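Enquirer: Please read through the structure below; I'll follow up with questions.
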There are 2 protein chains.
Amino acid sequence: MQNKVRIVLVNTSHPGNIGGAARAMKNMGLADLYLVAPRDYPSQEAVSRASGATDLLESAVVVETLEEALADCQLVIGTSARERTIPWPLVDPRESADLVFNEGLETAFVFGREDRGLTNEELQRCHYHVHIPSVASFSSLNLGAAVQVIAYELRMKFLASQDAPAVQNKWDVPAATVEQVDYLLAHLEKVLVDIEFLDPDMPMQVMPRFRRLFQRSRLDQQEYGMLRGMLTSMEKQARS
Amino acid sequence: MQNKVRIVLVNTSHPGNIGGAARAMKNMGLADLYLVAPRDYPSQEAVSRASGATDLLESAVVVETLEEALADCQLVIGTSARERTIPWPLVDPRESADLVFNEGLETAFVFGREDRGLTNEELQRCHYHVHIPSVASFSSLNLGAAVQVIAYELRMKFLASQDAPAVQNKWDVPAATVEQVDYLLAHLEKVLVDIEFLDPDMPMQVMPRFRRLFQRSRLDQQEYGMLRGMLTSMEKQARS
């Protein structure tokens, strides 16, 4: 699905931002970059800020008009910071990623100039406007940062569509069983009495607190072995 | 809640990235920036890339060690790109924002060096690691872009916690009623017959298709008036 999404940058002033956008795209698995009349491009500054995403810069399509960049697209989503005179269908970045995946159309995300965004005419060529929910008093994101947010939401949605967790929480050792934790707590209690930390006649809430701690921390079997070993060493010390 | 979150940048090499991080924070309503032994700071480049978020740079706390930056925090979340030797509790950016809001603790997000990230020792000071789900073959985000993603997820969660939609889809005119759309379609049908586009004896699926179109587009009352006016003008033309 991600290969049906292109990023279109209109009239970008600072080539560093083109590089930043390319890097953000490649980080998130996007590849198709269109540049509409960039003011200073190609540029060493773009290559430097792309930080290895030079393949995207090399394959970027440079065109003179927004029309050319959009001609074969079926869904156009334009970034918009301001309220417009005519309201337009408006989504947040997460909803924009939903649109891409639910509709399955050739989609363009259009990003405007650093200082003035997209013109009203350009915005009216978009089926939807997407607004990154910045604070009203300081609402203008860096261009590369705006591309990063959209590309991140597309990637999160892509991973969800693959039934892949966004991050894989791999643990290398199996979790301790209930029985192991019970052994550990029994062993601990014995040692705590041995070392005279725990008074069997006045146990207070010591053992329930230890149980809560070990259960909450989801002990793994290696940690279980380590704690049992430690208790055995303590027992030997206490006896000697 | 957002004022309980600080962003900690460790050993940043490029002051432009400090500026980029400050801008991303301010865009998303965060204010507390800690800089641990920045290599080149203060710097004009940071001010330039902050693009108006100079107040965050001015109030940034510069310290020598990570310990100082974290001392009064209760929850520490470190950004990590790589797999580590010992697995650590790992979340994605959205889950990290959930942690912040569900636990309500003084929280630090810690970001490492541009080239090498955080050391194993620094990562072990974190309760959680957060991984931005980049593609494996090109996984390292620009520092400002990484701060942007985390700050964006915090803002989305903050807005949700306020029961505020992330973006307000305000329409200035009420939607057309069912009755209005029925009038419009009846009017349209009459005109289409008048202009001999529609053959009443062979209506095909023309009117259901127009109904589907107007219903799908959720006509507003001004558009309704505009279309009725257009049909009236067409009628006059057809008659003359």
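Enquirer: Tell me which residues come under 5 Å, amide H to amide H, from A:Val62 once H is placed; ignore anything under 5 positions away on its chain.
Expert: A:Leu35
Enquirer: I would also like to ask the following. What accessible area per residue, rounded to a whole number of Å², is obtained for chain B using a probe radius of 1.4 Å?
Expert: On a per-residue basis, 51 Å².
Enquirer: May I ask you to evaluate 6.51 cos²θ - 1.76 cosθ + 1.60, the Karplus curve with θ = phi - 60°, for each residue of region A:195-200 and list the ³J(HN,Hα) values in order in whole Hz, giving x for glycine and proline?
Expert: Result, ordered by residue: 8, 6, 8, 10, 9, x Hz.
Enquirer: A:Pro87 label points, 7 Å along Cα→Cβ, one per copy: pairwise distances from this copy to the rest in nm, shortest first?
Expert: Once sorted, the set of distances for A:Pro87 reads 4.9 nm.
Enquirer: Which residues' amide hydrogens lie under 5 Å from the amide hydrogen of A:Asp220, considering only partners 5 or more residues apart or on another chain, with H built in the peptide plane?
Expert: Residues meeting the criterion, in which the H sits 1.01 Å from N, are A:Ala176.
Enquirer: Taking all protein chains in place and a 1.4 Å probe, what share, in percent, of the accessible surface of region B:2-161 do carbon and sulfur account for?
Expert: Carbon and sulfur: 48 percent of the exposed surface of region B:2-161.
Enquirer: While we're looking at this one, here's another question. Residues with amide H under 5 Å of A:Val91's amide H, sequence separation 5 or more or different chain, H placed in the peptide plane at 1.01 Å from N; which?
Expert: A:His129, A:Val130, A:His131
Enquirer: Please list B:126-133, A:168-175 highest first by mean number of surrounding beta-carbon atoms within 10 Å per residue.
Expert: B:126-133, A:168-175
Enquirer: Mind listing the phi-derived Karplus ³J(HN,Hα) values for region A:107-121, rounded to whole Hz, using 6.51, -1.76 and 1.60 with θ = phi - 60°, and x for any glycine or proline?
Expert: 10, 10, 9, 10, 10, x, 5, 4, 9, 10, x, 9, 6, 4, 5
Enquirer: Please give, to one decimal in nm, the separation of the simple spin-label points placed at B:Lys190 and B:Val63, each 7 Å out from Cα toward the Cβ.
Expert: In this crude label model, B:Lys190 to B:Val63 measures out at 7.7 nm.
Enquirer: Follow-up. With θ taken as phi - 60° and the coefficients 6.51, -1.76 and 1.60, list the Karplus ³J(HN,Hα) couplings across region A:129-134 in order, rounded to whole Hz; mark glycine and proline as x.
Expert: In residue order, the calculated couplings are 9, 10, 10, 7, x, 7 Hz.
Enquirer: Taking a label point 7 Å from Cα toward Cβ, how far is A:Glu121 from its twins in the other copies, in nm, shortest first?
Expert: 6.1
Enquirer: If we sort A:55-63, B:19-27, B:57-65 on the protection proxy, mean other Cβ atoms within 10 Å, highest first, what's the order?
Expert: B:19-27, A:55-63, B:57-65
Enquirer: Here is a further query. Would you mind listing the distances between the A:Glu58 label point and the same position in each other copy? Use 7 Å along Cα-to-C-beta, nm, one decimal, shortest first.
Expert: In ascending order, 4.7 nm.
Enquirer: On to the next question. If you take each beta carbon of peptide A:161-168 and count the beta carbons of other chains within 10 angstrom, what is the mean?
Expert: 4
Enquirer: With axes computed from alpha carbons, what is the tilt in degrees of helix B:143-161 against the longest principal axis of chain B, rounded to the nearest 10 within 0 to 90?
Expert: Here the helix axis deviates by roughly 60 degrees.
Enquirer: Give me the lysines in straight-line cross-link reach of B:Lys190: C-alpha distance below 27 Å, same-chain residues under 8 apart excluded.
Expert: Result set, ordered by chain and number: B:Lys236.
Enquirer: Compute the distance in nm between two label points, each set 7 Å from the Cα along the Cα-to-Cβ direction, one at B:Met226 and one at B:Gln44.
Expert: Each label point lies 7 Å from its Cα, and together they span 5.0 nm.
Enquirer: Under the definition of partner shielding as Cβ atoms of other protein chains within 10 Å of a residue Cβ, what is the mean value for peptide A:134-146?
Expert: For this peptide, the per-residue mean of nearby foreign Cβ atoms is 6.
Enquirer: Using the alpha-carbon centroid of each, what span in Å lies between region A:141-203 and region B:163-240?
Expert: 57 Å
Enquirer: On average, how many beta carbons from a partner chain sit within 10 Å of the beta carbon of a residue in A:170-181?
Expert: Average per residue, whole number: 1.
Enquirer: If you don't mind, there's one more thing I want to ask. Which links in A:Lys26/A:Lys170; B:Lys26/B:Lys170; A:Lys157/B:Lys170; B:Lys26/B:Lys157 stretch past 18 Å when you go from one Cα to the other?
Expert: Distance filter (> 18 Å) returns A:Lys26/A:Lys170; B:Lys26/B:Lys170; A:Lys157/B:Lys170.
Enquirer: For the interface of B with A, what's the total buried accessible surface in square angstrom, probe 1.4 angstrom, rounded to the nearest hundred?
Expert: The buried area between B and A, both sides summed, comes to about 3800 Å².
The values are calculated or read from the model by the stated rules, or taken from the named source; none is laboratory data. Fair warning: this is a prediction, and the values are worked out from it, not measured in the lab. Every residue, glycine as well, gets a Cβ built from its backbone with ideal geometry; the counts of neighbours run over all protein chains shown. Heavy atoms of the whole protein, side chains included, go into the accessibility calculation; ligands, DNA and RNA do not. Shrake-Rupley method; radii C 1.70, N 1.55, O 1.52, S 1.80 Å.
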